[in-house]
Amino acid sequence: MIKKNIILVGFMGSGKTSVGAKLADMLKMEFYDTDVLIEEQTRMSIPEIFKLHGEEYFRQKEKQVAEILSMKKGCVISTGGGFVLQPHNMMHLKNSGTIVWLKASLESIFQRLKSYDSRPKLYQKELIDIYALYNERNELYLRYADICIETDGKTIDQVTEEIYKIII
Ligand code: S3P
């Protein structure tokens, strides 16, 4: 039985939610997704939160969720792509477990992402801005990750299996 949490970080479309759910299933651990927790708590979708209350409000909710999740043990936690923006979040979760970065090229992210309108940070944005965001974020994932998994060209099952083998 694994006592530590396993925390998945990475850019939007890197597969955190699908891999997290699968990994939790394999390891018989509880699964949490920070975006889902925020949506449940606010009873709003992520685009609605951004539209009605703005990004700052959403980041405050992420902070609250980080504090709650850091008290859990033996869970798989998938985080939103911007979760790493607040050092507070990462400090809390790093103390609670292992941070796994699902690394993906921008090309594969574009291929994987089906809906942009559900992601306010990408919706109606210029390619150059998405590229800048991607580079900024990658620096943060690199800073905090204990383990980095390359996901390009791999299925959800293959990525999950890879993490499983390292963790077990
Ligand atoms: C965000 C990523 C999204 C979600 C919100 C903001 C970001 O999560 O938290 O739209 O700032 O990168 P996913 O990475 O699950 O798409």
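Tell me which residues, restricted to the stretch 8-31, are open to solvent by 40 Å² or more (accessible area, probe 1.4 Å) and either over 16 Å from the mean Cα position of the chain (by Cα) or away from the ligand (no atom under 11 Å from the Cβ) (or both).
Selection gives Ala21, Lys22, Asp25, Met26, Lys28, Glu30, Phe31.
Selection of the stretch 65-92 for residues being closer than 25 Å to Ser18 by Cβ, more than 12 Å from the ligand (Cβ to nearest atom) and of a type outside the set (Val, Ile, Thr) yields Ala66, Leu69, Ser70, Lys72, Lys73, Gly74, Cys75, Met90, His92.
Does Ala145 satisfy the condition of being free of Cβ contacts under 8 Å to residues at least 40 places away in the same chain and either open to solvent by less than 70 Å² (accessible area, probe 1.4 Å) or on the phi > 0 side of the Ramachandran plot (or both)? Taking the combined requirement at face value, the residue does not satisfy it. Every condition in (1) over 26 Å from Ile147 (Cβ atoms); (2) out of contact with any helix residue (DSSP H, G or I) (no Cβ under 7 Å at 6 or more places or on another chain); (3) hydrophobic (A, V, I, L, M, F, W, C) is met by Phe58 except one, and the failing one is (2).
The values are calculated or read from the model by the stated rules, or taken from the named source; none is laboratory data. Given the structure is predicted, the values throughout are model-derived calculations rather than measurements. As a convention, Cβ positions derive from the backbone with ideal geometry for all residues, glycine included, and neighbour counts pool all protein chains shown. Just so you know, the surface numbers come from the protein's heavy atoms only, side chains and all, with ligands and any DNA or RNA stripped out. Shrake-Rupley method; radii C 1.70, N 1.55, O 1.52, S 1.80 Å.
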